[in-house]
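Please read the structure below before turning to the comments.
Rule-based calculations on the coordinates, nothing more; no lab input. Just so you know, these numbers come straight off a predicted model, no measurement behind them. Cβ atoms come from the backbone with ideal geometry, glycine included; neighbour counts cover every protein chain shown.
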Amino acid sequence: MGRRADDERSIRQAQALLKQLAEALEKERIRRGLTKTAFAKFLAISPPSYMAWRTGAANPTLLTIARVVDRLGSDDVCLKTLVGNYNHDGQHVTAPACRGSTP
């Protein structure tokens with residue numbers, strides 16, 4: 001497989017993970033019973049940024065994702081919970097649950 005194919009595969013994997021993150025954040029927002037605006041403020045991001053992530057119009061940086069996960073609380077939600085577990089080939093794998101989470 002050539003470099004271009006590897007790059008394209010990496011881009012597709014990143015896009016899939018960001019889509020999963022957006023979907024998981026929306027589920028978490030609903031679970032908490034918050035409006036989109038209230039949830040964005042809770043996450044300490046602007047409502048337009050949150051909406052752009054949900055639609056795929058913009059993507060958060062890795063630092064922003066880490067801050068959002070931290071804001072949600074490590075005992076309640078972790079990155080593994082939000083986007084799942086993937087090996088280096090982008091295949092979903094089963095991995096131990098996050099610290100403090102229930103199976």
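When peptides 22-33, 42-53 are sorted by average Cβ neighbour count within 10 Å, with the highest value leading, the order is 42-53, 22-33. Can you pull a Stokes-Einstein diffusion coefficient for region 3-83 at 10 °C (1.306 mPa s), Rh from Kirkwood over Cα pairs, as a whole number of µm²/s? Stokes-Einstein gives a translational diffusion coefficient of 121 µm²/s. Ordering 57-67, 2-12 by mean Cβ neighbour count within 10 Å, with the highest value first, yields 57-67, 2-12. Which of TYR50, GLY73, GLN20 sits farthest toward the positive end of the charge dipole of region 3-83, with +1 on the Cβ of Lys and Arg and -1 on the Cβ of Asp and Glu? Farthest towards the positive end: TYR50. Site pair ALA38 and ILE11 shows an inter-label distance of 4.0 nm when each label is modelled 7 Å from Cα along Cα→Cβ.
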